[in-house]
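The structure appears below as structure tokens.
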Amino acid sequence: MSTMNISLPDTMKSFVDEQVSQRGYGTSSEYLRDLIRRDQDRQQLRCLLLAGAAAPVVQEATPAYFNALRQQVRAKAIAPGQPARRPGKGA
């Protein structure tokens, strides 16, 4: 693993130290790595959203479309011979 030194104003260093303490990170490096991973995830999601927005519309997202998706998910979630479970009931 490579190392990197950064300079922070005292207020930012205090903020980082506070986050490490309050959020259960072992070190400031762990906190910064987590921030970088989250930023990478955010950038990836943004790229996916932009690609999806630029893609041609294949099917209109109507209530019937979403109902069909729900039925597909339910069909995959129900094991043979098992009754369907409803969200919030027993699970």
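Read the figures in this text as sums done on the coordinates, not as results from a lab. As the structure is a prediction and not an experimental result, all values here were calculated from the model. All Cβ positions, glycine included, derive from the backbone under ideal geometry; neighbour counts span all protein chains shown.
Considered as a group, the residues in segment 24-56 that are among the basic types (K, R) and under 23 Å from S7 (Cβ atoms) include one that is surrounded by the most Cβ atoms within 10 Å (Cβ to Cβ), and that residue is R33.
Kindly check whether there is at least one residue in segment 46-53 that is at negative phi, over 22 Å from the mean Cα position of the chain (by Cα) and without any contact (Cβ under 8 Å) to a residue 24 or more places away in the chain.
No: zero hits.
For segment 1-23, the tally of residues that are touching a helix residue (DSSP H, G or I) at 6+ places or on another chain (Cβ under 7 Å) and loosely packed, with under 10 Cβ neighbours inside 10 Å stands at 0. Of all residues in segment 68-78, those that are over 24 Å from the mean Cα position of the chain (by Cα), surrounded by 10 or more Cβ atoms within 10 Å (Cβ to Cβ) and part of a helix (DSSP H, G or I) total 2.
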